[in-house]
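The block underneath contains the structure these notes are about, expressed in structure tokens.
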Amino acid sequence: QVQLVESGGGLVQPGGSLRLSCAASGSIFGIYVMGWYRQAPGKQRELVARFTSATSTFSSDYTESVKGRFTISRDTALNTVYLQMNSLKPEDTAVYYCNAAHRFYSSINYWGQGTQVTVST
């Protein structure tokens, strides 16, 4: 069982920055592919950023709208994954969720409780 706890969300003005954290209980490195998703009101949950493998510490994929602005990273010693968000836009407003997807068993998927990010003047 993996528990994920997100933090770092909040209200920020357009052009500002936030860093989200996802602290995992239980071992995740090498077992789970870690990623960040978001869900805006009235929209489906979408992938924001994700490592390309369970052992990746750099190689990652991003949805087109955040490329060059968001960076996913991890601290394996702290069992924590981060999402650095720069040049935030109002359309980035959403609840952001951390996800852990088992590298072999697609049915094994864990989600955090979500953290609200609001970009507004």
Kirkwood hydrodynamic radius over Cα pairs of region 11-105, then Stokes diffusion coefficient at 10 °C and 1.306 mPa s, in µm²/s: 116
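Which shape class applies to region 5-60: rounded if a/c is under 1.5, otherwise prolate when a/b exceeds b/c and oblate if not, where a ≥ b ≥ c are the square roots of the Cα gyration tensor eigenvalues?
On the way: a/c = 1.92, a/b = 1.67, b/c = 1.15.
Prolate shape, in that a/c is at least 1.5 and a/b is the bigger ratio.
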Over the chain, average the accessible area per residue using a 1.4 Å probe and give it in Å², no decimals. 52
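Mind putting a number on the dipole of region 10-76 about its Cα centre? Charges go on the C-beta only, +1 for Lys and Arg and -1 for Asp and Glu, and I need it in Debye to the nearest 20. List each step's numbers first, then the result.
Details: 8 positive and 4 negative charges, 30 e Å.
Its charge dipole is roughly 140 debye.
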Hey, how much of the P(r) for region 67-121 falls beyond 18 Å, as a percent of Cα pairs? 47
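Can you compute the FRET efficiency between residue 113 and residue 17 using 1/(1 + (r/R0)^6), with r the Cβ-Cβ distance and R0 = 25 Å? Round to the nearest 0.05. Present the calculation step by step, with values, prior to reporting the outcome.
Working: r = 23 Å, r/R0 = 0.90.
FRET efficiency, residue 113 to residue 17: 0.65.
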Sort 67, 43 by accessible area with a 1.4 Å probe, largest first. 43, 67
Evaluate the relative contact order of the chain (contact order divided by residue number), counting alpha-carbon pairs under 8 angstrom at least 6 apart; express in whole percent. 36
Figure the gain on full extension for residue 75 and residue 104 (residue separation times 0.36 nm, minus the Cα-Cα span) and round it to one decimal in nm. 8.2 nm
Expressed as a percent, the accessible surface of the chain that is carbon or sulfur, using a 1.4 Å probe and the full set of protein chains, is 49
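The values are calculated or read from the model by the stated rules, or taken from the named source; none is laboratory data. Since the structure is predicted, the reported quantities are computational estimates derived from the model, not experimental observations. Virtual Cβ from ideal backbone geometry, glycine too; neighbours counted across all protein chains shown. Just the protein is used for accessible areas: all its heavy atoms, side chains included, with ligands, DNA and RNA removed. Shrake-Rupley method; radii C 1.70, N 1.55, O 1.52, S 1.80 Å.
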